[in-house]
Structure formats: C-alpha cells, structure tokens
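Taking it in order: structure first as structure tokens, then the write-up.
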Amino acid sequence: MTNAIAISNLRFYYPGHSVSVFENLNLNIKTGSRFGIFGPNGAGKTTLIACITGILKYSHGSIKINGIEVSENPHEIKKHFGYVPQDFSFYPELSPMENLMFFGAWAGLSKSTTQKRAAEILEVLGLSEVKDKPVRKFSGGMKRRVNLAIGVIQQPAILFLDEPTVGVDIHSRQALISYLKMLNTNGTTLMYTSHQLSEAEELCDEVALFDEGKIKVQGLLSPLLQQHQQNGLEGLFMELTGKKYRDS
Amino acid sequence: MYKLWATIWKDITILTRDRVGLIFMFAMPIILAIVITATQNSTFELVNNNKINLLLCNRDTGLAARELVNGIEKADMFHISKAEKSMEETALETLMNKKDALVTLIIPAEFSHKLKILADVTAGKALKEFGVNDEPVKETFDSLPPIQMLYNPVLQSSFRQSISGALQSVMQMVQTKQILQSLYAGLNNTPMPDSLQQEFSGSKMQIEEFPVTKSGNNSIPNATQHNIPAWTIFAMFFVVISLGSSIVREKSSGSFLRLKTLPTNFNLALISKQVTYLIVTLLQALVIFLIGIFLFPHIGLPALALPPGISNLFLITVSCGICAVSFAICIGIFAQTQEQANGIGAVSVVLLAALGGLLVPTFAMPASFQYLIKISPLHWGLEAYYTLFLEGGGLNHIVLNLLPLWAITILLQLIAYAGLKKKSLV
C-alpha cells in the first residue's frame, strides 16, 4: 500500500524560537487509512498539520503528499487535500450554500460542479433545509457540519481534521463520524486530531501518540491496546504521557 | 475568471448584509455634503445678500454726521435701528442684545465740528501750496474723535473687516466732501453749490466681476460646486473604515486559514475587494452628485451643475476611487486589529483631507505646508474636480492633476504588495 503522507527527518522551528517543535520526525500514513494523532496540549499536533498543509514552512526534512514534496510544490499539493480547521472557517454572514459556492471556486471547481457537490453534501449533512440561511444564526453543531462540508467540497484524496467535533451535541457528532466513515469508504484518507479519545477509538484504525514533538507510540489501534494491556485510548494516553499538566 | 467572479460576489454579498457599514459609507457623506454646503451657502448669503442688523447712536447734530448716517443707509448693507443719542455704552450693549444687532456704531458728539476744522486746515494748507492764500494757516488741530464700533464677539474677523471696510468707505466720502467744500469756499468765498456737491458725491467708478475659466464659461461658482466634489472625495477615502477592517477581519478569521490551504493565491481576494469597493466608491459619487443635482434645489441650496465633459468626470471619479481603495488596502494589510484599522484609517483620512484643502483652501495654508499638501491624494483629486467643475478645464488640464494621483496610487499598491510579501500572505 502506498503512503498518502510521508514525513522524514522533519525539523521545525517557529520564527524567533531556538527550540524546535519537531526534531527528525518520521511518520508514514497509508492511503485509505483513518489515522488519528493524539497528545496533550502543546504536543505539536496542530503544528504538524500546518506543516503538512503548507500553512507553515519547514526548514529541514521532507513532507510528501501523494509523492509530491510540499515545500517544492506548495500550490500543486493543495489540490490533493481538504482541511477542516478547529476554528470555524467560513463567512458567518453567508449561507451554507454561498460559503460552499465561494470555497468551491477557490478549490478550483467549476460553478456547475460546485452546485452539484454542494447540494449532495448539504443533503448528507442534514443542512438542506437551512442552506440559504446565514450561518451566524446556526447552532454550534450545525456550524461544525458547515465547517466540514466546506473541507470536502472538492472531494479531496486526503482530509485533515483538527478537532472537528469540538463543542457539538451527540447527534451532530454521530452525523459527523458517520459521514467521515462514508468518505473513507469511498477512498478518502483521513488524518484526524482530537481530545475526544472515545470518539477516536470509534473512527480511527491507526493512531500515533505525540508528546513534546516526538512520537511516543504508533500503530494499528487494536494491537497497540493489547500490547500495552489497556482497554482504551485514554488508559494508553495516561500511561505514556503521565499525569502532569502540559498547558500551564 | 469564475474564481474572481465568485470572490467578488462573496464580497458584495457580505457588504450588502452589513447595513451599519452601508449607512456609514453612504449616509455620512450625504449628511456632510448637505450640512457643509448649507453652512457655506448661508455664509455666502450673509456676506453678499443678507443685511446685518446695526444699531446706530448718533450723538452729533451736525451736517457731516447726518451725511455719514445717510451714507451708511445708502450702503444697503445694514438693517439700521437708531438709538437715543443720550444712551450710555452699557445701555447700548443691552439694547444691542435686545435688537439682535451684531454691530453698534457710535458717532461722537463733536464729530461734525471737528471734521469741519480738519477740512479747513487741510484746505488751507492746499491753498497755500497752490499760492492762492498767503495768510498763515493753522498747522495743528485736535484729533478727530473716533467713531466707535461695538460688535458681538460671535462676528468673525472677516465679517468685521468687511463691515469696517464699508464704514471706512462712507467716512472717506464724507471727509473728502467736507475738504472739497472748504477748498471751494476758500477759493470763491461762497459755499459750494448743490449741483456741484451732487457731482462730487458718490463714486463714479465701478467694478465688474468675471470668473476666469479655462473654457470661457462665465457662470459663477457657488457653494454646491465647491462642496459636492470635496465631500465626494472624502466619502470615497472614508471606505477605509469598512475595507480596512474587512481585510483585518479576513486575515484574523478562520476563513483566512482555510484560504491558505486552497490552490488559489490570496492576491485574488485583494483584487476582488478592490473591484467591490471601487464599485462602492463610484456608487457613492453617483448618489452624492444626484443629490446635488436633484435634492439641493428643493432644500434651498444651489443645484449642482455638471461640467460638459462627463467622460472627464468619470475619469476623475474612477481615479479617485482606485486611489481611495489602494489607500484602504494598505491600511488593512499593515493594521493588526480592526481597532487599529479604524483609528488609523479615520484619522489619516481627516489629516489628508485637511492637507488636501477640503477643510481650508490650500492657498490659505502656511508656506511650510505647501510641500506637504502635495502628498495628499485628496488634494490632487480635488484639484482635478475643481479644474473640471469651477474652471471648465478639459482632459489636457485635468491630466496634470491626475498624474500625481496615479503616481500615489501605484506607490500605495507597491507598498501593499510589499506588506503582503513581508507577512507571507502571498
């Protein structure tokens, strides 16, 4: 199986900082997998996604998306993935349909393709009835679904999800998880970060646990839990990261 | 092309849903244009057409004082109320307030008598110089008691000087007539006949006023012709509040993070904003011009007369619009917060407007400011409009003002691009 994402010897410093976030990081994510990245606050999860998506520029090492080097082809690689940031990333004054039409155009889709895709996605995510209402009037769960809809408008080969279900009720969470599984069944590789470890167990087939910019452990979920004699991700998480606060 | 159109459509949709922002961009300049034009028009009417209430206290019973009063009445500049000659100054001040008089004139008791002495002394000296009179003449005389002018402090210096100048003119005529009478009497030993006195009274010289325009059109500019172009430019540059903060909002919002992960250059977002807000500035100009043409006559203000070259008017308006948008883009790119964009944007536009001659004419500014004036894009835009509206200039004339405006626009665009590069936004 080929790698959707291949990271080798990655080193990254924030401008003006002498301590690197990653030091010779290596990670491969297989095409078609549902890969979860977990770790305490400040572990480097969001920074890693920002490096992979080209939002942050790295100085050493290599990141390849579908075999294309990110730093050398910053424009080309953006056609290969969708991104669902942790913060709401849309225009609240616009309706879901208007947001999708705009972001679809920026993703390089034609008007007719965007219209067709938008209608399908809004239907699946239960937003058809409110497709023309301004998003600012929506509940948190509806906004999360709009946030996800925009990320998948271009039918990306890889989808980056940064805390996609934070602050939503159980119904919206289930709808989002079901939709993500459906995408994956259709061939989309998922790279997912969350603090909802029970949700991660439900969604992910492979995980990597991050702490202080390093991978503590990586592998398929079930064998990993068996190896560490844990019933769930939460126990594994506490075993490997300890009980000390990380965001103080 | 679809990307650009979709982006412009998104910007226009967001803009039209921001009702407060729209009111700010359209209502504010309309109110300014109406209020400032009405105020300046009232000033113009006050100086040129309206009469000023004047309280006159003549404490003299002589002929010269009567002639002085007649002269002031004939000046046709004042509504005259007459006060008792025995009234003290404090009582006059009270009466002045009661009658809403802005000015009180007090002719002193011995005015005519002293003026007669002055005229006789002056005439005697002249006759001696001419060799007509060998008799010794009196060389000195008691000074002429001054005519006192009390005025309301609200009366601006320019008005006061205008009133003072009119009174001086009347006084000069009375004095000259008195001297001529003395000269005539000295030469002929008889009083000057009435017919001759009539000949000497009043100036026979006249001034005809003509506005000099580049087109040869002699129509007289009014407050509307001055103010509509000025406040149109001001309104255009005030889009900095909306556009500047829109860019900051875009930079700091989550949507910007997503835009960075899409295969489209952020420059497209800026091009879209420039097109959208250029349309806004053109609409602002259209609305303000239409108000000048159609609304002003209904509220007692002079109507705006459009210049013959509409294509030139369009060229100036588009040039000002592009420059205003470029300025706002610069502010938006360099500002860190919406508060910064709003504060810096508003203050800098007011400063540039002041420097540009929108608040005070540039010729009235100190010499040290004459170089600073040239850095204001509002100055060049206003000069181009005035060349068209007031001087009737053609394309060859307005281009001289548009060239610096275009240069400033290019500079602002380059600065904006450098800012984008520096902040890794493109």
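The values are calculated or read from the model by the stated rules, or taken from the named source; none is laboratory data. The shown structure was predicted, so the numbers you read here are calculated from the model rather than taken from an experiment. Cβ atoms come from the backbone with ideal geometry, glycine included; neighbour counts cover every protein chain shown. The area values use the complete protein model at the heavy-atom level, side chains included, leaving out ligands, DNA and RNA. Shrake-Rupley method; radii C 1.70, N 1.55, O 1.52, S 1.80 Å.
Checking each residue in region B:278-317 for being surrounded by 21 or more Cβ atoms within 10 Å (Cβ to Cβ) and among the small types (Gly, Ala, Ser) picks out B:Ala285, B:Gly292. Consider region A:66-105 and keep the residues that are of a type in the set (Phe, Trp, Tyr) and open to solvent by less than 60 Å² (accessible area, probe 1.4 Å). The one that is farthest from A:Phe138 (Cα to Cα) is A:Phe81. A:Asn24 meets all of the listed conditions (1) outside any loop (DSSP other than H, G, I, E, B); (2) modelled with pLDDT of 90 or more; (3) more than 27 Å from B:Lys423 (Cβ to Cβ) but one, namely (2).
Just one residue in the set B:Thr61, B:Thr39, B:Thr94, B:Thr90 is out of contact with any strand residue (DSSP E or B) (no Cβ under 7 Å at 6 or more places or on another chain), open to solvent by 50 Å² or more (accessible area, probe 1.4 Å), of a type in the set (S, T, N, Q) and not assigned by TED's automatic domain parsing to the domain that holds B:Ile179; that residue is B:Thr39.
What single numbered condition from (1) in a loop (DSSP other than H, G, I, E, B); (2) crowded, with 17+ Cβ neighbours inside 10 Å; (3) not hydrophobic (A, V, I, L, M, F, W, C) fails to hold for A:Tyr192? Of (1) in a loop (DSSP other than H, G, I, E, B); (2) crowded, with 17+ Cβ neighbours inside 10 Å; (3) not hydrophobic (A, V, I, L, M, F, W, C), only one is false for A:Tyr192: (1). Considering (1) farther than 30 Å from A:Arg144 by Cβ; (2) open to solvent by less than 50 Å² (accessible area, probe 1.4 Å); (3) of a type outside the set (Val, Ile, Thr), the lone condition that B:Phe256 does not fulfil carries the number (1). Going through A:Phe90, A:Phe138, A:Phe103 one at a time, which residue ends up being out of contact with any Pro (no Cβ under 7 Å at 6 or more places or on another chain), of a type in the set (A, V, I, L, M, F, W, C) and more than 9 Å from chain B (Cβ to nearest Cβ)? Criteria check complete, one pass: A:Phe138. For region A:106-118, the set of residues classified as part of a helix (DSSP H, G or I) and either open to solvent by 80 Å² or more (accessible area, probe 1.4 Å) or within 11 Å of another protein chain (Cβ to nearest Cβ) (or both) consists of A:Trp106, A:Lys111, A:Ser112, A:Thr113, A:Thr114, A:Gln115, A:Lys116, listed by residue number.
Total residues in region A:124-135 satisfying the condition of being open to solvent by 50 Å² or more (accessible area, probe 1.4 Å) and more than 14 Å from every other protein chain (Cβ to nearest Cβ): the figure is 4. Restricting attention to region B:48-83, the residues that are charged (D, E, K, R) and touching a Phe, Trp or Tyr at 6+ places or on another chain (Cβ under 6 Å) add up to 2. Of the numbered conditions (1) closer than 23 Å to B:Ala269 by Cα; (2) at pLDDT 90 or above; (3) surrounded by fewer than 20 Cβ atoms within 10 Å (Cβ to Cβ), B:Gly321 fails exactly one; give the number of that condition. Checking B:Gly321 against (1) closer than 23 Å to B:Ala269 by Cα; (2) at pLDDT 90 or above; (3) surrounded by fewer than 20 Cβ atoms within 10 Å (Cβ to Cβ), the one that fails is (3). Among the residues of region B:72-93, is any in contact with a helix residue (DSSP H, G or I) (Cβ under 6 Å, 6 or more places away or on another chain) and among the basic types (Lys, Arg)? No.
On inspection, A:Tyr179 passes the criterion of being open to solvent by 10 Å² or more (accessible area, probe 1.4 Å), within 27 Å of A:Ser89 (Cβ to Cβ) and of a type in the set (Phe, Trp, Tyr). Among residues of region B:259-288 that are more than 14 Å from every other protein chain (Cβ to nearest Cβ), those with a Cβ under 6 angstrom from a residue that is small (Gly, Ala, Ser) and in a helix (DSSP H, G or I), sequence gap 6+ or separate chain, pair up as B:Leu278/B:Gly321; B:Thr281/B:Gly321; B:Thr281/B:Ala324; B:Leu282/B:Gly321; B:Gln284/B:Ala235; B:Ile288/B:Ala33. Residues that are part of a loop (DSSP other than H, G, I, E, B) and of a type in the set (Gly, Ala, Ser) within region A:73-105 comprise A:Ser89, A:Ser95, listed in sequence order.
Restricting attention to region B:371-426 and to residues that are closer than 29 Å to B:His226 by Cβ and charged (D, E, K, R), the residue that is surrounded by the most Cβ atoms within 10 Å (Cβ to Cβ) turns out to be B:Glu383. Please work out if A:Ala157 is closer than 15 Å to A:Tyr83 by Cβ and away from chain B (no Cβ under 13 Å). Yes, satisfied. Filtering region A:45-57 to residues that are in contact (Cβ under 8 Å) with a residue 24 or more places away in the chain and either away from chain B (no Cβ under 11 Å) or on the phi < 0 side of the Ramachandran plot (or both) leaves A:Lys45, A:Thr46, A:Thr47, A:Leu48, A:Ile49, A:Cys51, A:Ile52, A:Thr53, A:Leu56. Which residues, counting only those in region B:331-348, are surrounded by fewer than 24 Cβ atoms within 10 Å (Cβ to Cβ) and either in contact with a strand residue (DSSP E or B) (Cβ under 6 Å, 6 or more places away or on another chain) or part of a helix (DSSP H, G or I) (or both)? Matches in region B:331-348: B:Ile333, B:Phe334, B:Gln338, B:Glu339, B:Gln340, B:Asn342, B:Gly343, B:Ile344, B:Ala346, B:Val347, B:Ser348. Restricting A:His75, A:His60, A:His17, A:His80 to those that are out of contact with any helix residue (DSSP H, G or I) (no Cβ under 7 Å at 6 or more places or on another chain), over 20 Å from A:Asn184 (Cβ atoms) and within 14 Å of another protein chain (Cβ to nearest Cβ) reduces the list to A:His75. With the structure loaded, tell me whether A:Ile121 is modelled with pLDDT of 90 or more and surrounded by fewer than 17 Cβ atoms within 10 Å (Cβ to Cβ) or whether it fails that test. Here the answer is no, as A:Ile121 does not meet what is asked. Taking the conditions exactly as written (assigned to a helix (DSSP H, G or I), out of contact with any strand residue (DSSP E or B) (no Cβ under 9 Å at 6 or more places or on another chain) and either modelled with pLDDT under 90 or not polar (S, T, N, Q) (or both)), does B:Pro308 satisfy them or not? Judged against the criteria, B:Pro308 is not a match. Among the residues that make up region A:151-167, is at least one of them part of a helix (DSSP H, G or I), touching a helix residue (DSSP H, G or I) at 6+ places or on another chain (Cβ under 6 Å) and crowded, with 20+ Cβ neighbours inside 10 Å? No, region A:151-167 contains no residue that is part of a helix (DSSP H, G or I), touching a helix residue (DSSP H, G or I) at 6+ places or on another chain (Cβ under 6 Å) and crowded, with 20+ Cβ neighbours inside 10 Å.
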